[in-house]
Structures are given as C-alpha cells and as structure tokens.
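Read the structure below first, then the notes.
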Amino acid sequence: MFVILFLSLGSTYSKDFKALCSTCRQLVDNFDKGIEKTANQNFGGGNTAWEERKLSKYESSEIRLMEILEGACYSSSFECNHMLEENEEHFETWWFKRKTKHPDLFKWFCIETIEVCCPKGSFGPDCNTCVGGDERPCHGNGKCDGDGTRAGNGKCSCDKGYEGEFCLDCSDGYFSELRNDTFSLCKECHESCVTCTGGTNQDCKECRNGWEEDQGGACIDINECTNDSAPCADNQYCLNTDGSFSCKACNTGCSGCKGPGADRCLACADGYKDEDGTCTEEDKDVPEFNSEGVQTGESPEKHEDL
C-alpha cells in the first residue's frame, strides 16, 4: 500500500510502508545482534581499567555504538543504509538517553519514533486493531492485511478451510466442529463429500464425482472398472481407486488382460504360449544333433566333404 503525503511546499511523495517497516525491522534486528556481539568486548587499548575510569565504560560508550552501527546494514542494502543515515541521531538518542526506559528498540524506533510500523495485530496510518483483536487477528484463521505496518486495509485473507469477512465460516469441503462469536474450528469433510455436516462419508450433503449415495445415505466409491463399457484401451487393464480409476499396461506376454502379471491374460501375445494359465515365452528354434554329431536334417556327406 502506498500512502501519498502532502508537504507544506505543495509537493507530494509516496511511501511504501510495508517495505519501510520490513527495512526498519531488519535494521533493528542487526542492531540487536551487534549489541550481543559486543557484549563482552572492551576498548582493547591495553589498559581497560584506566580507559573506563577516565573515559567511560565501554558498555555504554560511543565507540561501542559506532561499532554496532557499522554492522547494522549490509553494504548492498541501499534501503537499510539510507534509513540509518537519515536516523543516526535517533539511535544516538536511544543509546544515551532512552535505552533504560525504553529497552525495546523496535517499538521505540520503528513504531513510536519514525512511525513506519505498528504493533502486532494492528494496521494502517493510525495502527487500527485488526478484526478479531490484536491477540488473534482474523480470529486466528487468517492474515490481516497490513498487520504490523502502517499500510493495508485490515481485510482478512482466510486460511484454507475458512471464509467470510471474519474468517469464522467454513468453506466448501469443511464442516464446523466448534464455533462461537469469537472462535471457529473447521475440519475437512470425508473425501467423498462436496459439502458435509460431519467427518464421515455418512455426513455428506452431496457426493463428489466418482462417488454415489447408497441405500443408507452414505457416499460410496463407484467402481468404474465394472462398467459394461470398458474405460481402458485393448491392451490395458482397469485399476479402481477411491473416486476414480486408472489404466495400466498389460504384461508383455498378454494380448488383452484383466489384471497385472502374465497369469491374468485374456489371450497370449505372439511368441508366447499358455502354460498352466500363464503366458510364457516360446522356446526359440534350437539345433538338434544326432549321435554322430550331425545336425538333424543335414546329410552326412556334407560333413564328410569338410
């Protein structure tokens, strides 16, 4: 969301508050890491006790502050470096005058001082509270547009299974297990249901495609593989699945089949023969020899000539 600001000189400029808040959060996070990194350091001049007595304690010194600020932004991050450059005096003020009373730098700097962020659960220029309250925006079932920034309109984007302005209603394929004015728990219907009142196939209001209602009112799977019209090609067999089916290739020994394997063939393919109900590959022609070593069908004179 871009907010147009009108300056006293009559010019206008826009601010992307979502991006600014993200930059501010990263800047503060890096600043806090710098505090942790320098927690056990000192002046490093060789006479720390004298330096801290005469100058100041390193813990609250300007030298430590400068070291932290030097690592607060990556050199490649123009946005972070620009924000730091514009607000370095604020960091100095917090470091020397506000740190004790306002230990939460993000809240003091990003929310209250430069006003680019909002507290969690609020949005927009005035940090209005999100639908459902700041503790559970969108009643815990969605995301509030602009949450935590000075941008957005507060509209809820509901999580899967929820719908409505307040994310308290259940969407198609889900049913309400528990609900009151501020809380809603939606659970998924049985896979056979389009809509439902509970979690079993007997609670369907409408069956999905591939399912049908039985005499007891439950949605049961339609076995497409038992239909009179074959759903698969000639050299395939039908495999039923819940709510659907798939076509699988027959074994190479089959010419048509009713299932996987060479023992489920309707007929054997060329080059295969039926042996006890299983299509097996026929033996290739193997030469036979008589007792004299002559291949059957050849004359002895042929071998004598050799």
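Miscellaneous remarks
- The lone criterion from (1) open to solvent by less than 50 Å² (accessible area, probe 1.4 Å); (2) out of contact with any helix residue (DSSP H, G or I) (no Cβ under 9 Å at 6 or more places or on another chain) left unmet by C238 is number (2).
- Set side by side, the residues C110, C117, C156 differ, and just one is open to solvent by less than 90 Å² (accessible area, probe 1.4 Å), at pLDDT 95 or above and under 25 Å from the mean Cα position of the chain (by Cα), which is C156.
Residues checked against (1) in contact with a Gly (Cβ under 6 Å, 6 or more places away or on another chain); (2) farther than 18 Å from D16 by Cβ:
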| position | (1), (2) |
| --- | --- |
| S75 | no, yes |
| T93 | no, yes |
| R98 | no, yes |
| I111 | no, no |
| K120 | yes, yes |
| C138 | yes, yes |
| G152 | yes, no |
| Y162 | no, yes |
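- You will find that of S75, S56, the residue that is within 20 Å of Q26 (Cβ to Cβ), open to solvent by 40 Å² or more (accessible area, probe 1.4 Å) and at pLDDT below 95 is S75 and no other.
- In segment 222-277, the residue that is farthest from G210 (Cα to Cα) out of those that are touching a residue at least 24 places away in the same chain (Cβ under 8 Å) and assigned to a strand (DSSP E or B) is C254.
- Candidates are the residues of segment 62-72 that are over 32 Å from the mean Cα position of the chain (by Cα) and of a type in the set (A, V, I, L, M); the one that is surrounded by the fewest Cβ atoms within 10 Å (Cβ to Cβ) is M66.
- Test: residue in segment 139-150 that is touching a His at 6+ places or on another chain (Cβ under 8 Å) and open to solvent by 40 Å² or more (accessible area, probe 1.4 Å): no
The values are calculated or read from the model by the stated rules, or taken from the named source; none is laboratory data. Keep in mind it's a predicted model, so treat the numbers as computed, not measured. Don't worry about glycine lacking a Cβ; one is built from the backbone with ideal geometry, like all the others, and counts go over all protein chains shown. The accessibility values were calculated without ligands, DNA or RNA, using every heavy atom of the protein model including side chains. Shrake-Rupley method; radii C 1.70, N 1.55, O 1.52, S 1.80 Å.
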